[in-house]
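J.: Before we start, here is the structure in question, set down as C-alpha cells.
The values are calculated or read from the model by the stated rules, or taken from the named source; none is laboratory data. Small disclaimer: the values here were computed from a predicted structure and weren't measured. When we count neighbours, we look across all protein chains shown, and the Cβ atoms used for this are built from the backbone with ideal geometry, even at glycine.
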Amino acid sequence: MKFFIDTANLDQIKEAQSLGILDGVTTNPSLMAKEGITGQENILQHYVDICNIVDGDVSAEVISTDFEGMVREGEALAALHDQIVIKLPMIKDGVKACKYFSSKGIKTNVTLVFSAGQALLAAKAGATYVSPFIGRLDDISTDGLHLISEIRHIYDNYGFDTEILAASVRHTMHVIDCAKIGADVMTGPLSSIVGLLKHPLTDSGLAQFLADYQKGN
Ligand code: E4P
C-alpha cells in the first residue's frame, strides 16, 4: 500500500518524507490556499518545491473545467517535473482529458469520485489513479469504505490497472480499513500517518526496558 500525504505544507511533507515511508503527495486548490500559495507562478513553483522533497508522484490539480483548458493546464503542469500527476475532476471534460493524457503516457489522478460508476469511467479512460473521497461520504452518513470495496471488486473483475487512491482519509482507522480492503494508495493528513505509530503498550514497554537496563548498569 502506498502512503501519500494530502497537504501543500512543506514542513509536514518533509516530516513524512523523513520517516522513509512516503510514496507521494496529493494537493488540491483548497490545500494550496490554506498555505497561502496564490498566483499561478507561485503555485507552479510550489509544485516544483514539493517534487524536490519527495521521491514519488505529486498530484497537481487543474482548475479549468473545459477540455481545452484542462489539456493546456495539464501539459504545463506535466512539463514542470517528471513526478507530476495531472489531477482532473470527475466531470465529462475531465474524463475526456484523462483519456487524452493517458493516451500520451502522462499520469492522471481523477478526483472528486463519489460512486462506483464514476470510478468505472475513470478506469475506462485509463486513469493512473482514481480518488474516491471516503471522509466526505462519511460526512453525509454514507459509508465511504463501502465505496472502496465496490471499486476494488469492479477493478479486480476486469483487471483494470487504475490504482485506487483512497482520498479524504481523516484518521488512522480509515488507513487500516483501506489496507484491509485492498486500496492501492491512501492519502491523508500527517496525523493519519504518524498516528499509526501510537500504542500505549509500546510506550510502557519501552519505558520498562529502559528502566531495567538502567538498573543493571
Ligand atoms: C484528495 O486528493 C483530496 O485532496 C483530499 O483527500 C480531500 O480531502 P478532504 O475531504 O479532507 O478535504
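J.: For the list (1) assigned to a helix (DSSP H, G or I); (2) among the basic types (Lys, Arg); (3) closer than 26 Å to residue 110 by Cβ, I need the number of the one condition that residue 215 fails.
T.: Of (1) assigned to a helix (DSSP H, G or I); (2) among the basic types (Lys, Arg); (3) closer than 26 Å to residue 110 by Cβ, only one is false for residue 215: (3).
J.: Take the residues in region 23-42 that are more than 15 Å from the ligand (Cβ to nearest atom) and part of a helix (DSSP H, G or I), then tell me which one is surrounded by the fewest Cβ atoms within 10 Å (Cβ to Cβ).
T.: Per the criteria, the residue is 41.
J.: Identify the residue in region 65-102 that is closer than 22 Å to residue 119 by Cβ and in a loop (DSSP other than H, G, I, E, B) and, among all such residues, is farthest from the ligand (Cβ to nearest atom).
T.: 65
J.: If you go through region 43-60 one residue at a time, how many are more than 14 Å from the ligand (Cβ to nearest atom), touching a residue at least 12 places away in the same chain (Cβ under 8 Å) and aliphatic (A, V, I, L, M)?
T.: Number satisfying all stated conditions: 4.
J.: Here is a further query. Restricting attention to region 139-148, and to residues there that are part of a helix (DSSP H, G or I) and without any contact (Cβ under 8 Å) to a residue 24 or more places away in the chain, which single residue is nearest to the ligand (Cβ to nearest atom)?
T.: 139
J.: Filter region 153-173 down to the residues that are outside any loop (DSSP other than H, G, I, E, B) and within 16 Å of the ligand (Cβ to nearest atom), then identify the one that is surrounded by the fewest Cβ atoms within 10 Å (Cβ to Cβ).
T.: Checking each candidate, the answer is 173.
J.: Are there any pairs, at least 6 apart or on different chains, whose C-beta atoms fall under 7 Å, with the first in region 26-38 and in contact (Cβ under 8 Å) with a residue 60 or more places away in the chain and the second surrounded by 12 or more Cβ atoms within 10 Å (Cβ to Cβ) and β-branched (Val, Ile, Thr), and if so, which?
T.: 26/187
J.: Further question on the same structure: Please go through (1) of a type in the set (Val, Ile, Thr); (2) within 16 Å of the ligand (Cβ to nearest atom); (3) surrounded by fewer than 18 Cβ atoms within 10 Å (Cβ to Cβ) for residue 176 and return the number of the only condition it doesn't satisfy.
T.: All conditions pass for residue 176, except number (2).
J.: In this structure, does residue 136 turn out to be over 13 Å from the mean Cα position of the chain (by Cα), more than 30 Å from residue 10 (Cβ to Cβ) and either modelled with pLDDT of 95 or more or outside any loop (DSSP other than H, G, I, E, B) (or both)?
T.: In short, no.
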